[in-house]
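Notes follow once the structure below has been shown.
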Amino acid sequence: MTGCESSSLVKRDIPAEIETLTKYFQDAIEIVKSHELISQAQGYLEDGKTQITPLTDKIQEHAEMIQEQMKPFVSDIEKKVRPVADNLQAQFMPLVDKMQAQFKPLADDMQAQMEQLLQTVVDQTKALLPAQ
């Protein structure tokens, strides 16, 4: 190999090596940036949690206070509604019982007819099958 050939061989390999090194450093920079972004995101989440925690505690306290304040109101409504509900139930139960008594024979008769129809279909289907 002459000096000219070896210098041209070196010139051809250098761009490939530079490209490989450039790619390596770009990949390394991306990895570092992604770790920085993850750390930064974790920091934002922790800051947000620190800021939100007192608010959620206050909301919980207010919700408990409202619940305590509503208890007498709800109890009063329940005391007023309970007799009306009991009265309605007392009035409707005989009607429901009467309707059940009237519909039961109809339902039993319909069930018997459906069973008879099903048996007829089975018998006719068997009659259509070839003898074995």
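The values are calculated or read from the model by the stated rules, or taken from the named source; none is laboratory data. Values in this document were obtained by computation on a predicted structure and should not be read as measured data. FYI the Cβ positions are ideal-geometry reconstructions off the backbone, even for glycines, and counts take in every protein chain you see. Protein only, heavy atoms only, side chains kept; ligands, DNA and RNA dropped before computing areas. Shrake-Rupley method; radii C 1.70, N 1.55, O 1.52, S 1.80 Å.
Of note:
- Charge sum, other residues only, whose C-beta stays under 14 Å from E64's C-beta, Lys/Arg counted +1 and Asp/Glu -1: -1
- Net lengthening on full extension, H62/M114 (0.36 nm per residue, minus Cα-Cα): 12.6 nm
- Accessible area (Å², per residue) of the stretch 17-124, counting only protein heavy atoms and a probe of 1.4 Å: 94 Å²
- Expressed as a fraction of 2.2 N^0.38 Å, the C-alpha radius of gyration for the stretch 4-132 is 3.02.
- Here's the list of aspartates and glutamates a cross-link from K71 could span, going by alpha-carbon distance under 19 Å and ignoring same-chain residues fewer than 8 apart: E61.
- Of the solvent-accessible surface of the stretch 17-124, computed with a 1.4 Å probe over protein heavy atoms with every protein chain present, carbon and sulfur atoms account for 64 percent.
- Principal-axis tilt of helix 3-128 within the chain, Cα atoms, nearest 10 degrees: 0 degrees
- Here the gap between A101 and T50, fully extended at 0.36 nm per residue and compared with their Cα-Cα distance, gives a gain of 11.8 nm.
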